[in-house]
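A short write-up of the structure that comes next.
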Amino acid sequence: MTALDSKIFNVPIAILSLVDTDRIWFKSHYDLEINEIDKHPGLCASAILYDDIYLVEDARNDPRYLANPLVAGEFGL
């Protein structure tokens, strides 16, 4: 499923995740070698706290995430 998503949306990685109180589990992932991360600094936590559609077209250019270590750091989301 995530491999197909990667091709459809022309993105290098695709993730299907589940969020609990302190972790984000990657239940399906394409071109990513980890299975979970802490809930903070994950982008998923922000999305589930928002009451409307939460769209992030490019995290590298989104002011909400410029300082996020997953975006600005070595991971390079």
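The values are calculated or read from the model by the stated rules, or taken from the named source; none is laboratory data. Keep in mind the model is a prediction, meaning the values are calculated, not measured. Backbone-built Cβ (ideal geometry, glycine too); neighbour counts: all protein chains shown.
Remarks
- Subset of segment 19-77 (residues that are more than 19 Å from Ser6 (Cβ to Cβ), of a type outside the set (Phe, Trp, Tyr), out of contact with any helix residue (DSSP H, G or I) (no Cβ under 9 Å at 6 or more places or on another chain) and part of a loop (DSSP other than H, G, I, E, B)): Asp20, Thr21, Asp22, His40, Asp51, Asp52, Ile53, Pro63, Ala67, Gly73, Glu74
- Top-ranked residue of segment 4-22 - restricted to ones that are of a type in the set (Gly, Ala, Ser) and in contact with a Ser or Thr (Cβ under 9 Å, 6 or more places away or on another chain), ranked as farthest from Ala45 (Cα to Cα): Ala14
- Residue within segment 32-46 that is at pLDDT below 90, in contact with a strand residue (DSSP E or B) (Cβ under 6 Å, 6 or more places away or on another chain) and among the β-branched types (Val, Ile, Thr) present: yes
- Selection within segment 20-31 - closer than 19 Å to Ala59 by Cα and either surrounded by fewer than 16 Cβ atoms within 10 Å (Cβ to Cβ) or small (Gly, Ala, Ser) (or both): Asp31
- Selection from segment 54-77 of residues that are within 12 Å of the chain's Cα centre (by Cα), among the small types (Gly, Ala, Ser) and surrounded by 12 or more Cβ atoms within 10 Å (Cβ to Cβ): Ala59
- Segment 1-35, subset within 20 Å of Ile48 (Cβ to Cβ) and of a type in the set (S, T, N, Q), residue farthest from the chain's Cα centre (by Cα): Thr21
- Hey, Ile37 free of Cβ contacts under 8 Å to residues at least 40 places away in the same chain, in contact with a Lys or Arg (Cβ under 8 Å, 6 or more places away or on another chain) and surrounded by 13 or more Cβ atoms within 10 Å (Cβ to Cβ) or not: yes
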